[in-house]
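The structure under discussion appears below in the form of structure tokens.
The values are calculated or read from the model by the stated rules, or taken from the named source; none is laboratory data. Note that the structure is predicted; figures quoted are calculated from it, not measured. So basically every Cβ, Gly included, is an ideal-geometry build from the backbone, and we count neighbours across all protein chains shown. With ligands, DNA and RNA removed, areas are computed over all heavy atoms of the protein, side chains included. Shrake-Rupley method; radii C 1.70, N 1.55, O 1.52, S 1.80 Å.
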Amino acid sequence: MEKIVIEGGHRLEGTVTVSGAKNAALPILISALLTDGWNTFHNVPDLRDTRTIKRLLGDLGAKVESSGSVVKINAGGLNNYEAPYDLVRTMRASVLVLGPLLARLGRARVSLPGGCAIGARPINLHLRGLEELGVFISLEHGYIEAHASSLKGADIYFDIVTVTGTENLMMAAVLAKGVTTLRNAAREPEVVALADALNRMGARITGVGTPVITISGVEALKPISYHVIPDRIEAGTFMVAAAVTSGNIKIVGCEPNHNRALIHKLQQAGITVEQESDGLRVVGTEAICGVDVKTLPYPGFPTDMQAQLMVLMCVANGLSVISETIFENRFIHVSELQRMGADITVSGSAAVVRGGRRLTGAPVMATDLRASASLIIAGLAAEGTTEVSRVYHIDRGYECIEKKLALLGGHLWRTQA
Ligand code: EPZ
């Protein structure tokens, strides 16, 4: 097993380029199942999760070819409708194959993903929506057994805003008979990107980016060439890393409009964030102010940036209250940060952070993807050496994060644990 060792106290300076968005690439790669012929996807990040999806698509009978950040997929030979437990348990986004398999084959057998570190993460809303499209679903031996003679449009309301629930139902509805309406739909940029890709394939989706999405079913979709949007969470992670080290960096290839809530909070905390002609400039300061944050569905503050921002609040002056409203167990990083000297008190879904403390390096353990990122950021800010173990969590969602941060002047490296 590997760990990342960080020597703190070094300012980040220079230029970093953002990779393609993991949470856009996963559904877009899966959408290839809806077509015959060769799709070409550009700017696909090389991550554990994208490699898992490529393997799953191959197991379903698609041809998959990769070269760097270009992935070609041909699902003409789709001949299997099962997503097995050993794959789904490692990456819950595999449940996104449900919609396309039912749309193409009228059949799917997908392992229930189970919970994960940050919460129970049920998929009841995915399943209820599919049933409203005419799918028969039973749960047997830990698997979702789903079949439908044909899918027909329906008016579907999500009790809770769900990103992959919106994506799954969108992909199920594009080949359904008639019109489907998704109400209280997710508005994340990754959902918009998926709808853009599907429309380029010939789907008829309107309203995406608003709470009401309308999908008019079509007969068939055609393969496309598509460029994946930049990863707003990777970009946000670099912004916070610059901020906690009083650094001065330029982030190339990001889309600031996808990060307005985070940028607003960083500016409120005293960080300079400015658009330059060829990238986003982020300049830290010694005088960081504590700010209150509540995570919300997009365009609210992203839950995937909560752990990273908490580190900034640990070194800010004053108090901040961080409320996590999306997942019921997304403060796992707190105990590790406390081992580094952070003063954080958790009460239910809120964490009160008392800043003004100098973090000190320590051996810590990653527990989930974004918590891992927060521990690396804490190591950059801390006095002394930090060792982050179980870094396989971070490799799920960041391409060579330690190399990118080292190119910015961070003193960190990967080694055997
Ligand atoms: C997506 O997960 C992202 N993953 C997550 O990113 C992100 O944190 C999350 O959206 C929220 O923005 C991908 O896109 C692959 P949800 P998803 O369905 O779709 C509840 C990362 O670090 N819910 O929007 O699984 C659920 O329990 C990952 O990159 C139900 O109750 O999240 C949660 O409380 C972590 N029933 C809330 O809704 C359902 O059927 C939002 O979950 C579905 C969801």
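Before we move on, is R107 open to solvent by 50 Å² or more (accessible area, probe 1.4 Å) and in contact with a His (Cβ under 9 Å, 6 or more places away or on another chain)?
yes
Report yes if S323 is surrounded by fewer than 19 Cβ atoms within 10 Å (Cβ to Cβ), within 16 Å of the ligand (Cβ to nearest atom) and not assigned by TED's automatic domain parsing to the domain that holds V163, otherwise no. Reasoning before the result, please.
Working: surrounded by fewer than 19 Cβ atoms within 10 Å (Cβ to Cβ): yes; within 16 Å of the ligand (Cβ to nearest atom): yes; not assigned by TED's automatic domain parsing to the domain that holds V163: yes.
Criteria met by S323.
Quick one: is N199 within 13 Å of the ligand (Cβ to nearest atom) and outside the structural domain of A382 (by TED's automatic domain parsing)?
Working: within 13 Å of the ligand (Cβ to nearest atom): no; outside the structural domain of A382 (by TED's automatic domain parsing): yes.
Criteria not met by N199.
Residues checked against (1) among the aliphatic types (A, V, I, L, M); (2) not in a loop (DSSP other than H, G, I, E, B):
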{"residue": "L312", "(1), (2)": "yes, yes"}
{"residue": "T325", "(1), (2)": "no, no"}
{"residue": "E336", "(1), (2)": "no, yes"}
{"residue": "T386", "(1), (2)": "no, yes"}
{"residue": "T415", "(1), (2)": "no, yes"}
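All but one of (1) over 18 Å from the mean Cα position of the chain (by Cα); (2) part of a helix (DSSP H, G or I) hold for L194; state the number of the condition that does not hold.
(1)
Applying the selection to region 388-412, what residues are of a type outside the set (K, R) and either in a loop (DSSP other than H, G, I, E, B) or not assigned by TED's automatic domain parsing to the domain that holds I249 (or both)? Before the answer, list the steps.
Quick first cut of region 388-412, residues of a type outside the set (K, R) only: 388-389, 391-395, 397-402, 405-412.
Across region 388-412, the qualifying residues are V391, Y392, H393, G397, Y398, E399, C400, L408, G409, G410.
Answer with yes or no whether T237 is surrounded by 20 or more Cβ atoms within 10 Å (Cβ to Cβ) and either in contact with a His (Cβ under 7 Å, 6 or more places away or on another chain) or of a type in the set (S, T, Y) (or both). Give the derivation first.
Numbers: surrounded by 20 or more Cβ atoms within 10 Å (Cβ to Cβ): yes; either in contact with a His (Cβ under 7 Å, 6 or more places away or on another chain) or of a type in the set (S, T, Y) (or both): yes.
It is true that T237 is surrounded by 20 or more Cβ atoms within 10 Å (Cβ to Cβ) and either in contact with a His (Cβ under 7 Å, 6 or more places away or on another chain) or of a type in the set (S, T, Y) (or both).
Which of the residues spanning region 396-417 are in contact with a Leu (Cβ under 7 Å, 6 or more places away or on another chain) and touching a residue at least 12 places away in the same chain (Cβ under 8 Å)?
Within region 396-417, the first condition is being in contact with a Leu (Cβ under 7 Å, 6 or more places away or on another chain), and the residues that meet it are 396-397, 399, 402, 405-406, 408-410, 412.
Scanning region 396-417 gives R396, G397, E399, E402, L405, L408, G409, G410, L412.
List pairs: first in region 109-126 and assigned by TED's automatic domain parsing to the domain that holds A146 and in contact (Cβ under 8 Å) with a residue 40 or more places away in the chain, second aliphatic (A, V, I, L, M) and within 6 Å of the ligand (Cβ to nearest atom), Cβ under 7 Å, 6+ apart or cross-chain?
Close Cβ pairs satisfying both conditions: L125/I160.
What is the number of the single condition among (1) in contact with a helix residue (DSSP H, G or I) (Cβ under 6 Å, 6 or more places away or on another chain); (2) not in a strand (DSSP E or B) that A108 does not meet?
It fails just one condition, (2).
Condition first: in contact with a Lys or Arg (Cβ under 7 Å, 6 or more places away or on another chain), among the hydrophobic types (A, V, I, L, M, F, W, C), open to solvent by 10 Å² or more (accessible area, probe 1.4 Å) and more than 27 Å from L296 (Cα to Cα). Can you find one or more residues in region 405-417 that meet it?
Initially, region 405-417 is screened for residues in contact with a Lys or Arg (Cβ under 7 Å, 6 or more places away or on another chain), giving 409, 415, 417.
After this cut, where a residue has to be among the hydrophobic types (A, V, I, L, M, F, W, C) as well, the list is 417.
Next, only the ones that are open to solvent by 10 Å² or more (accessible area, probe 1.4 Å) stay: 417.
Narrowing further to those that are more than 27 Å from L296 (Cα to Cα): 417.
Checked region 405-417: at least one residue is in contact with a Lys or Arg (Cβ under 7 Å, 6 or more places away or on another chain), among the hydrophobic types (A, V, I, L, M, F, W, C), open to solvent by 10 Å² or more (accessible area, probe 1.4 Å) and more than 27 Å from L296 (Cα to Cα).
How many residues are closer than 9 Å to T181 by Cβ and either out of contact with any Lys or Arg (no Cβ under 8 Å at 6 or more places or on another chain) or of a type in the set (A, V, I, L, M, F, W, C) (or both) if we restrict to region 144-158?
2
Any idea which of R354, R339, R330, R358 is in contact (Cβ under 8 Å) with a residue 60 or more places away in the chain and among the basic types (K, R)? Spell out how you get there, then give the answer.
Numbers: R354 fails: in contact (Cβ under 8 Å) with a residue 60 or more places away in the chain; R339 fails: in contact (Cβ under 8 Å) with a residue 60 or more places away in the chain; R358 fails: in contact (Cβ under 8 Å) with a residue 60 or more places away in the chain.
The conditions single out R330.
Go through N43, N74, N79 for me and flag whichever is assigned by TED's automatic domain parsing to the domain that holds E131, among the polar types (S, T, N, Q), under 21 Å from E190 (Cβ atoms) and away from the ligand (no atom under 13 Å from the Cβ). Spell out how you get there, then give the answer.
Numbers: N74 fails: under 21 Å from E190 (Cβ atoms); N79 fails: under 21 Å from E190 (Cβ atoms).
Checking each option against the conditions leaves just N43.
Return the residue satisfying two criteria in turn: it lies in region 136-161 and is among the polar types (S, T, N, Q) and farther than 19 Å from S111 by Cβ, and of such residues it is most open to solvent (accessible area, probe 1.4 Å).
So in region 136-161, the residues among the polar types (S, T, N, Q) come out as 138, 149-150.
Still in the running and farther than 19 Å from S111 by Cβ: 149-150.
Values: S149: 122, S150: 48 Å².
Only one residue tops the list, namely S149.
Within region 240-264, can you find the residues that are out of contact with any helix residue (DSSP H, G or I) (no Cβ under 6 Å at 6 or more places or on another chain) and more than 15 Å from V315 (Cα to Cα)? Working first, answer last.
Here is the first cut: in region 240-264, the ones out of contact with any helix residue (DSSP H, G or I) (no Cβ under 6 Å at 6 or more places or on another chain) are 242, 246-248, 250, 252-253, 255-257, 260-261, 263-264.
Across region 240-264, the qualifying residues are N248, K250, V252, G253, E255, P256, N257, R260, A261, I263, H264.
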